[in-house]
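Everything below concerns the one structure shown next.
The values are calculated or read from the model by the stated rules, or taken from the named source; none is laboratory data. Just so it is clear, the structure is predicted and the values come from calculations on it, not from any experiment. Quick reminder, even Gly has a Cβ in these numbers, built from the backbone with ideal geometry, and neighbours come from all protein chains shown.
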Amino acid sequence: MNEVAGKDGLKVLTADPDRLRAALEQADPATLLLVLVQLTGESAWLAKARPYISGPMSYHEKMPPELREAIRRRLFDVLIAHAAANAPLPPVPQGELLRDMLSLAAGEPLGEEYVSMMTEELAPPPDLSFLTSEEPVQLAADGSFKVLIIGAGMSGLCAAIRLKQAGIAFSIIEKNPTVGGTWFENAYPGCGVDTPNHFYSYSFAPYHDWSLLFAKRQELWHYFERVAADYGIRRHVQFNTEVRSAVFDSVANVWRIVAQSADGVALDMQANVVISCVGVLNRPKLPDIPGMDEFAGPRLHTAQWRSDFDWRGKNVAMIGTGASGHQVGPTIAPEVGRLTIFQRSPHWVVPNPNYFAAVPEGVKWLLAHLPYYLRWYRFQLFWGFSDGLYGSLQIDPHWNDSGRSINRINERHRRFMERHIRAELGEDSPLLEKVIPDYPPYGKRILIDNHWFKMLKRPNVDLVTTKIARIRPSGIETIDGQTWPADAIVFATGFQASKMLAPMKILGRGGCDLHATWGPDDAQAYLGMTVPGFPNFFILMGPNTGLAHGGNAIFMVECQMRHVMACLTEMARQHANVVEVRRDVSDRYNQTVDDLHAGLIWSHPGVDNWYKNEQGRVFALSPWRLVEYWRMTLQCDPADYVFT
């Protein structure tokens, strides 16, 4: 799965010049330009391209054909000459040149923090680059130090790979029969990623043969299966087993874990360190609607899709219009008898011409062999789908637009999306008042248009916004007394996100119950990972680490796992058995999280979402730019923890 690096990649590229020319024609010209500047140091190319790049991925229409062609010709000549000379690749650009390259990639000036992050991204990483030293191997010198990972999904695999590279003994408990987590469990029609998969993949395990720019579920699941196989992780996993409880033994300084296999057998284990990798969106949530058990036909949640369910020709009712609903609906609509969609509130939807686009064969080849191409392409995606959107999330206290938007950028995004909706449905469509949200953009996760509005215009589709009163044996009754016939009900109603780490029972020092500490819906953790009173316990994708405006959960997990490894490094350096975050450090951190959220869209009084609890505190989402979280988790500051 790894790219062919350095001179070997150049040899493959230049062995067939005609193929190289054809591949360069299919590639992104701005990405090629960045590779060209890195290989040559010819910064004049940046000035030539800058007038045509106003944002990430915006060069397709604006960059003149003659400039694109000049970039491709020059890069072709440079690659041929470099391979002929058998010269080493140049070092990572430094200082002002790298900053200028990053600013061009983003379409706007960027600061020093991005220079630091990209310097690391562009450098060929050694096997243990994520560690501050090789100290963790000392923890496992006699084989007695062991880590238990709960979950073999995306974050669990990352944790396992990093521990294995460091030589630390570990085992994994997984409730499913295989790896993949979310991408194994969610098999509903149309299921896929809404982050480009060249970004939504491990930085250390790139995959160059994605069929689509936005992959569907089967391909994503197979990616994680391949990663598990390539790194030899499956033999460490006990499948079809679920952790019931974990209790910290303060005398022995170990966690005592009770798990249960699918056939009911209880298993007792112990570990020095526990890493929870169960995620957040893993326990389906069903609405509390009277008459649920009276319905005569099949009922299924999108996360519990039944492979034997045949929707063709049936009257299907779908409750929920969030991310999964936007994927299921357009996929099944052409084949159902009738699709009745029940919407509580609409979502903002953005068009993306690449959402259904295939990856050209030439681009796959360049991603695998052209030095730096993947890394620069990933940065463009990083900016366009995460940090580049951060300005639209900040509440301008002087902005007054009657709740339509929260700042100038946010208003511009609103107008763009509203124009798209009106163009799709028509200015005289009665659907407009149902589908145009009355809250500012990004108050709920922005969805990519999956032909949603085209689906709504189908003669066999109804969009119902009247509140549901109850479920009848033959359909769904709304509060106006109308009953909508249904042969089957699909619940696209999300997950029990506020019940983090449930239903596991986690007891820390003195029997302190983690769920009692958090209360029913107010999880808090330092860096989203560690909680005072719960030593040697780490949470990946924990409180305030989710991303709702875009971004990439894999990026967050890699940051978190590097910090975990840095903590284990410090344990080894201090010959400690226990690491525990200081309460004052954790309290200050979470106060900062709350203070930052007070100025962001999700705390806006006109916004209702699952990201905040009943008291209005945002518990699920990160308030940081990704680059800030990368910096905060880069190392372990011993002053933040108590090592004993």
Legend entry - Test: Glu335 is under 15 Å from Asp487 (Cα atoms) and acidic (Asp, Glu): yes
Legend entry - Flag if Tyr377 is in the same structural domain as Leu104 (by TED's automatic domain parsing), farther than 30 Å from Ala523 by Cα and touching a His at 6+ places or on another chain (Cβ under 9 Å): yes
Inset, instruction - Pick out the one residue from Arg68, Arg74, Arg162 that is basic (Lys, Arg), within 30 Å of Tyr355 (Cα to Cα) and at pLDDT 90 or above. - result: Arg68
Legend entry - Lone qualifier among Gly528, Gly533 - being assigned to a loop (DSSP other than H, G, I, E, B), buried (at least 23 other Cβ atoms within 10 Å of the Cβ) and of a type outside the set (Ser, Thr, Tyr): Gly528
Inset, instruction - Consider only pairs whose beta carbons are under 6 Å apart and that are at least six residues apart or on different chains; among these, list those whose first residue lies in segment 604-626 and is closer than 23 Å to Asp387 by Cβ and touching a residue at least 12 places away in the same chain (Cβ under 8 Å) and whose second residue is in a loop (DSSP other than H, G, I, E, B) and among the hydrophobic types (A, V, I, L, M, F, W, C). - result: Tyr611/Ala620; Phe619/Ala523; Ala620/Ala497; Leu621/Ala548
Inset, instruction - Collect the residues in segment 393-413 that are in a helix (DSSP H, G or I) and closer than 24 Å to Trp452 by Cα, keeping them in residue-number order. - result: Asn410, Glu411, Arg412, His413
Inset, instruction - Within segment 281-309, track down each residue that is among the small types (Gly, Ala, Ser) and in contact with a helix residue (DSSP H, G or I) (Cβ under 7 Å, 6 or more places away or on another chain). - result: Ala303
Inset, instruction - Please specify each residue of segment 176-194 satisfying the condition of being assigned to a loop (DSSP other than H, G, I, E, B) and either hydrophobic (A, V, I, L, M, F, W, C) or surrounded by fewer than 22 Cβ atoms within 10 Å (Cβ to Cβ) (or both). - result: Asn176, Pro177, Thr178, Val179, Ala187, Pro189, Gly190, Cys191, Val193, Asp194
Legend entry - Qualifying residue in segment 443-450 (condition: assigned to a strand (DSSP E or B), at negative phi and crowded, with 17+ Cβ neighbours inside 10 Å): yes
Legend entry - helices (runs of 4 or more DSSP H) wholly inside segment 542-634 containing at least 3 residues that are among the acidic types (Asp, Glu), in the same structural domain as Val193 (by TED's automatic domain parsing) and over 22 Å from Ile406 (Cβ atoms): none
Legend entry - In segment 542-553, the residues that are in contact with a helix residue (DSSP H, G or I) (Cβ under 7 Å, 6 or more places away or on another chain) and closer than 16 Å to Ile275 by Cα: Thr545
Inset, instruction - State which residue pairs qualify: first residue outside the structural domain of His198 (by TED's automatic domain parsing) and outside any loop (DSSP other than H, G, I, E, B) and inside segment 346-359, second residue aromatic (Phe, Trp, Tyr) and surrounded by 13 or more Cβ atoms within 10 Å (Cβ to Cβ) in any location, beta carbons under 7 Å apart, and separation of 6 or more residues or different chains. - result: Val349/Trp452
Legend entry - Spans of strands (runs of 3 or more DSSP E) in segment 237-309 with at least 1 residues surrounded by fewer than 20 Cβ atoms within 10 Å (Cβ to Cβ): 241-249, 254-261, 266-271, 299-301
Inset, instruction - Kindly indicate whether any position in segment 330-342 is out of contact with any Asp or Glu (no Cβ under 8 Å at 6 or more places or on another chain), in a helix (DSSP H, G or I) and either at pLDDT below 95 or small (Gly, Ala, Ser) (or both). - result: no
Legend entry - Filter result for Glu113 (surrounded by fewer than 19 Cβ atoms within 10 Å (Cβ to Cβ), charged (D, E, K, R), in contact (Cβ under 8 Å) with a residue 60 or more places away in the chain and farther than 13 Å from Gln38 by Cα): yes
Inset, instruction - Would you confirm whether any residue within segment 362-385 is in contact with a strand residue (DSSP E or B) (Cβ under 9 Å, 6 or more places away or on another chain) and part of a loop (DSSP other than H, G, I, E, B)? - result: no
Inset, instruction - For segment 414-428, indicate whether the set of residues that are buried (at least 16 other Cβ atoms within 10 Å of the Cβ), among the hydrophobic types (A, V, I, L, M, F, W, C), touching a residue at least 60 places away in the same chain (Cβ under 8 Å) and part of a loop (DSSP other than H, G, I, E, B) is non-empty. - result: no
Inset, instruction - Could you tell me which of the residues Ala323, Ala266 is among the aliphatic types (A, V, I, L, M) and more than 25 Å from Ala497 (Cα to Cα)? - result: Ala266
Inset, instruction - From Gln238, Gln260, Gln218, Gln270, grab the single residue that is at pLDDT 95 or above, in the same structural domain as Met556 (by TED's automatic domain parsing) and touching a Cys at 6+ places or on another chain (Cβ under 9 Å). - result: Gln218
